[in-house]
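See structure below.
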Amino acid sequence: MSRASSRRGRRDRALRVVLPVIVLALGLAIWEAVVRAWHIPPYVLPDPVLVWRTLIADWALLGQSLLVTLTTTVEGFLLAAVGGVGLAVLFNQSRVVEYSLYPYAVILQVTPVIAIAPLLLVYLQQPTAVLVCAWIVAFFPVLANTTLGLNSVDRNLADLFALYGASRLEVLWNLKLPSALPYILAGLRIAGGLSLVGAVAAEIAAGSAGAGSGLAFRITESGYRLNIPRMFAALILLSVTGIVIFYALALVNYLALRRWHESALQGER
Amino acid sequence: MPASSAPAPRSSSALVALRGVAKTFPNGTQALAGLDFEVRQGEFVSLVGPSGCGKSTALRIIAGLSEPTEGVVEWAERAEKAERRSRIGFVFQEPTLMPWANVRDNVRLPLKFAAARGADAAARVEAALERVGLKAFARAYPRELSGGMRMRVSIARALVTQPELLLMDEPFAALDEITRFALNDDLLQMWQTLRTTVVFVTHSVFESVYLSNRIAVMSPRPGRIVTELASDVPYPRGRDFRTSVEYAGLCRRASEALGRAMAGGGQ
């Protein structure tokens, strides 16, 4: 409302950016200082500068691995989004399908993916197996959230649609899916992070070398070779990937809901 | 159409009538029992009763949103269910708007579906918005509006199909008094212009006397009509009516009728 409070708001936003950066700088400085002070060898703990240099030097290798992991993650995520929403809609339209399949969706979810991965690697090509793992982990939150959203329709609105003779498909498209949108987006935000987890878990389980090796494989490989600086570099790339996915989905969420949903409200009314 | 104060006999001008209607929900709650209620062409009739007496259930049965367990709903004209629905407008206690759609799209909703699909949808939406004074807010989203404005959108949506029967379920109960009085006046004006029939459910005796030309008083659950009162002061009714002796007298009579209904089922 007032100028003072908007100034406070701006300062608050600035702090949200500045404070984590200060913490990061502080952490890196301490890390560097500790490594130098105790003369820790790079094969135990490389200092941040060396990690950065390794990242640059090995970029050809790491960049390619990043691309592999990123592709798997994005594909797994998209399949999870389509599969999760699609299955939830199917469940919502047909009770028979829901009762028949839901328990198996749960089983797929509760069985740790790292335990399924070796089996999948027996039957599937490695890239396919990794993709399936990413999908398995990511799709359930989308399914569960979409199901919840589709069932959270305002009853009076549903009555209104009935009164005006809307068909099942019209109700689904004009009422249920828009009502479920905030839930679907929340599910997708979880799925984005999880598809990366699934891809990494499967890559580690796969463990074989080759041109199509992702970042997680590089980490395992570097571990065997005691190339700790590269291990850190690959880890940083994975982290950054996760952060980018998280904020990209948060942005999509905000853009889709800012006009109407409480969760995207900002400031005073 | 001046109404008599006695329960009306079967009249040829009835638009719809509930005859011996009972409703028992699957959980065993009996909401209505032996309900006889006639809605006459062009009138503004209020259903007044204690909370939980089945007023809303009666309204939903008229709308076809709920089926009676006993008794029948008789319409003056035979019509297909779909066709009849196109002639009903419904306003809930909550504005019940789609939060993801702007005001214009919310008002257009009924014209999208089978019951009232029409070619001149855009023009009808604009006319409905004009009628409730929200033309300037066509692109606003529900959460950007006040409670009273949201209810206006809800009314515009109900009227966009030009229904011959408007069913209103305590539409103004959640609003402050100033807003409620303003909407009362607007509603009466629209009713007179559009010549639609209104069934208005309320728990407020004062509101029912101000608005309607007939008041049906219901007993506590299981609900039925125990008394009917005429409120045959001519329209337009304005602020003067609210403070008149006539109004006070009618309110007293209606309150007494409600009191009797609550005490002994109206016997």
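Figures for the structure shown
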| quantity | calculated |
| --- | --- |
| Entirely in the stretch B:77-186, the helices (runs of 4 or more DSSP H) that have 3 or more residues that are in contact (Cβ under 8 Å) with a residue 60 or more places away in the chain and either more than 14 Å from chain A (Cβ to nearest Cβ) or within 28 Å of A:Leu172 (Cα to Cα) (or both) | B:147-159 |
| Residue match in the stretch A:130-149 (condition: crowded, with 18+ Cβ neighbours inside 10 Å, within 14 Å of chain B (Cβ to nearest Cβ) and over 24 Å from A:Thr73 (Cα atoms)) | yes |
| Residues of the stretch A:167-176 that turn out to be among the aliphatic types (A, V, I, L, M) and either within 8 Å of chain B (Cβ to nearest Cβ) or touching a residue at least 60 places away in the same chain (Cβ under 8 Å) (or both), as a count | 2 |
| Tally, over the stretch B:205-239, of residues that are over 14 Å from B:Glu38 (Cα atoms), of a type in the set (S, T, N, Q) and in contact with a Lys or Arg (Cβ under 9 Å, 6 or more places away or on another chain) | 1 |
| Residue that is outside the structural domain of A:Ile219 (by TED's automatic domain parsing), surrounded by 11 or more Cβ atoms within 10 Å (Cβ to Cβ) and in contact (Cβ under 8 Å) with a residue 60 or more places away in the chain, where the choices are A:Gly27, A:Gly9 | A:Gly9 |
| Selection count where residues are surrounded by fewer than 20 Cβ atoms within 10 Å (Cβ to Cβ) and either at pLDDT below 90 or within 12 Å of B:Val201 (Cβ to Cβ) (or both), scope the stretch B:42-55 | 3 |
| Positions within the stretch B:219-247 being part of a helix (DSSP H, G or I) and within 21 Å of B:Ala182 (Cβ to Cβ), in sequence order | B:Arg239, B:Asp240, B:Phe241, B:Arg242, B:Tyr247 |
| Failed item, numbered, when A:Tyr104 is tested on (1) exposed (fewer than 14 other Cβ atoms within 10 Å of the Cβ); (2) more than 26 Å from the chain's Cα centre (by Cα) | (2) |
| Qualifying residue in the stretch A:121-128 (condition: more than 20 Å from A:Ala191 (Cα to Cα) and not in a helix (DSSP H, G or I)) | yes |
| Yes/no for A:Leu237 being within 13 Å of chain B (Cβ to nearest Cβ), within 30 Å of A:Leu255 (Cα to Cα) and within 19 Å of the chain's Cα centre (by Cα) | no |
| Any chance A:Ala115 is within 14 Å of another protein chain (Cβ to nearest Cβ), surrounded by fewer than 18 Cβ atoms within 10 Å (Cβ to Cβ) and among the small types (Gly, Ala, Ser) | no |
| One residue from B:Glu228, B:Glu177 being crowded, with 17+ Cβ neighbours inside 10 Å and not hydroxyl-bearing (Ser, Thr, Tyr) | B:Glu228 |
| Residue among B:Ser86, B:Ser66 that is under 27 Å from B:Ser13 (Cβ atoms), modelled with pLDDT under 90 and within 18 Å of the chain's Cα centre (by Cα) | B:Ser86 |
| Residue that is farthest from A:Tyr164 (Cα to Cα), among those in the stretch B:53-76 that are out of contact with any Pro (no Cβ under 7 Å at 6 or more places or on another chain) and part of a loop (DSSP other than H, G, I, E, B) | B:Thr69 |
| Lone qualifier among A:Leu251, A:Leu257 - being under 21 Å from the mean Cα position of the chain (by Cα), surrounded by fewer than 16 Cβ atoms within 10 Å (Cβ to Cβ) and either under 30 Å from A:Tyr183 (Cα atoms) or away from chain B (no Cβ under 14 Å) (or both) | A:Leu251 |
| Every residue from the stretch A:153-166 that is at the interface with chain B (Cβ under 7 Å from one of its Cβ atoms) and of a type outside the set (Phe, Trp, Tyr) | A:Asp154, A:Asn156, A:Leu157, A:Asp159, A:Leu160, A:Ala162, A:Leu163, A:Gly165, A:Ala166 |
| Residue match in the stretch A:178-195 (condition: within 14 Å of another protein chain (Cβ to nearest Cβ) and under 30 Å from B:Arg84 (Cβ atoms)) | yes |
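The values are calculated or read from the model by the stated rules, or taken from the named source; none is laboratory data. Only a predicted model underlies this, so the values are computations on that prediction, with no experimental measurement involved. For neighbour counting, all protein chains shown are included, and Cβ atoms are generated from backbone atoms with ideal geometry for every residue, glycine included.
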